[in-house]
Amino acid sequence: MTDPNALPLLEALHSTPARRYLSTEPVGDDVIRAILDAAIRGPSAGNGQFWTWIVVRDPETKKQIADWYREGWERHYGSRREQILGAPEGGPMSKKSFLAADHLANHLEEAPVWIFPVLLGAAKSTNPRLGSSIYGAVQHLILAARAHGLGATLTTLHIGHEAEVRTLLGLPGDALTMALIPIGHPSRGRWSEPKRRPLEEVVHFEKFKTS
């Protein structure tokens with residue numbers, strides 16, 4: 001059993017990549033409650049907490065949404081499979097990332113638990129920074145899952161059927177799902193520091209510099 005209190009914060013921050021290979025091993029309600037209790041301690045605009053969190057385990061609900069998700073995957077990425085896998089390394093999506101995301105799309109409903117972070121009253125918003133009201137809390141959730149030895153990833157490819165998803169989840173018409181987060185025990189890979197471009201390439205002091 002993983003001791004969630006034993007994981008140092010900075011180690012978690014440096015070793016929590018998206019985990020897309022998830023097993024079907026059940027995850028207890030007590031663990032999900034602990035993860036969500038950590039999530040709601042995250043930042044909220046004006047401390048308004050205009051959110052709700054939908055936990056989904058029902059196989060039929062997951063199957064329907066997974067089918068919609070796969071439509072989105074095929075439209076945006078799956079239809080370009082040969083192009084992406086045949087491209088030289090260093091492109092916008094690595095082969096490894098594509099294969100992991102492809103696996104998730106085709107096995108999404110097998111993840112034992114899904115969590116939808118939802119913003120209430122947000123469906124008609126045109127604010128491009130709306131996610132700032134909940135994505136900090138979402139990262140709390142993902143880090144809390146990591147502390148319990150669980151993998152998670154933030155996905156959004158269901159949003160082509162946002163209205164249908166809202167209906168299926170019983171959400172009010174003015175609510176907006178901000179992500180779909182599958183959670184489960186990792187079935188492949190390990191907790192490791194993901195490769196990133198060096199700080200010198202992405203950080204600028206005072207002003208953006210082109211050279």
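Write out the trypsin sites (Lys or Arg not before Pro) in segment 109-204 meeting two conditions: DSSP loop, and at most 11 other Cβ atoms within 10 Å of their Cβ.
Working: sites: LYS124, ARG129, ARG146, ARG166, ARG188, ARG190, LYS195, ARG196; in loops: LYS124, ARG129, ARG188, ARG190, LYS195, ARG196.
Answer in residue order: LYS124, ARG129, ARG190, LYS195, ARG196.
Exposed loop GluC sites (Glu not before Pro) only (DSSP loop, at most 14 other Cβ atoms within 10 Å): please give the longest stretch of the chain free of them, not including the sites. Please list the in-between numbers first.
Working: sites that count: GLU89, GLU206.
Between the exposed loop sites, the longest stretch runs 90-205.
If you roll a 1.4 angstrom probe over the protein chains with everything in place, what fraction of the accessible area of segment 79-131 belongs to carbon and sulfur, to the nearest %?
On the way: 1610 of 3060 Å².
Answer for segment 79-131: carbon and sulfur cover 52 percent of the accessible area.
Sorting MET93, MET178 by accessible area (1.4 Å probe), largest first, what list results? Each step should come with its number before you reach the end.
Numbers: MET93 55, MET178 15 Å².
Per-residue accessible area, sorted high to low, gives MET93, MET178.
Take HIS103, project a point 7 Å from its Cα along the Cβ direction, then tell me which residues of segment 144-161 have their backbone nitrogen under 14 Å from it.
Backbone N within reach: 151-153.
Sequence gap at least 6, Cα distance under 8 Å: using those rules, report the relative contact order of segment 56-138 to the nearest whole percent.
Values: 31 pairs, mean separation 32.3, N = 83.
Over segment 56-138, the number comes to 39 percent.
Can you tell me the alpha carbon radius of gyration of segment 1-116 divided by the globular rule-of-thumb value 2.2 N^0.38 Å? It would help to have the intermediate numbers written out before the result.
On the way: Rg = 17.3 Å, N = 116, 2.2 N^0.38 = 13.4 Å.
Relative to the rule-of-thumb radius for its length, segment 1-116 sits at 1.29.
With every protein chain kept in place and ligands, DNA and RNA left out, what is the accessible area per residue of the chain? Probe 1.4 Å, answer in Å².
Numbers: 12560 Å² over 211 residues.
Per-residue value: 60 Å².
Take the alpha carbon atoms of segment 113-168, find their center, do the same for segment 179-211, and report the distance between the two centers in whole angstrom.
Cα centres, segment 113-168 to segment 179-211: 19 Å.
Could you work out [θ]222 nm for the chain from helices alone, using -39500 (n - 2.57) per DSSP H run of at least four and dividing by all its residues? Round to the nearest 500 deg cm²/dmol. List each step's numbers first, then the result.
On the way: 8 runs with 78 residues, N = 211.
Value at 222 nm, helices only, nearest 500: -11000 deg cm²/dmol.
Give the average over all directions of the projected area of the C-alpha convex hull of the chain, one decimal, in nm².
On the way: hull surface 55.4 nm².
About 13.9 nm², averaged over all directions.
Pop out the ³J(HN,Hα) list for segment 8-18 in order, Karplus 6.51 cos²θ - 1.76 cosθ + 1.60 with θ = phi - 60°, rounded to Hz; leave Gly and Pro as x.
Per-residue couplings from phi come out as x, 4, 5, 5, 4, 5, 8, 9, 10, x, 4 Hz.
Compare the Cα positions of THR126, ILE142, ALA66 along the charge dipole of segment 1-143 (+1 at Cβ of Lys, Arg; -1 at Cβ of Asp, Glu; about the Cα centre) and return the one farthest towards the positive end.
In segment 1-143, that residue is THR126.
Could you check the simple spin-label distance between ARG197 and LYS63, using points 7 Å along Cα→Cβ, in nm with one decimal?
With each label point 7 Å from Cα toward Cβ, the separation is 4.4 nm.
Once amide H atoms are built 1.01 Å from N in the peptide plane, which residues 5 or more positions from GLY151, or in another chain, come under 5 Å H to H?
The list, which skips near neighbours in sequence, is GLY184, HIS185.
The values are calculated or read from the model by the stated rules, or taken from the named source; none is laboratory data. Predicted model only: the values in this text are computed from it and were never measured. Here the Cβ is made from the backbone with ideal geometry for all residues, glycine too, and neighbour counts use every protein chain on show. Calculation scope for accessible area: heavy atoms of the full protein, side chains included, ligands and nucleic acids excluded. Shrake-Rupley method; radii C 1.70, N 1.55, O 1.52, S 1.80 Å.
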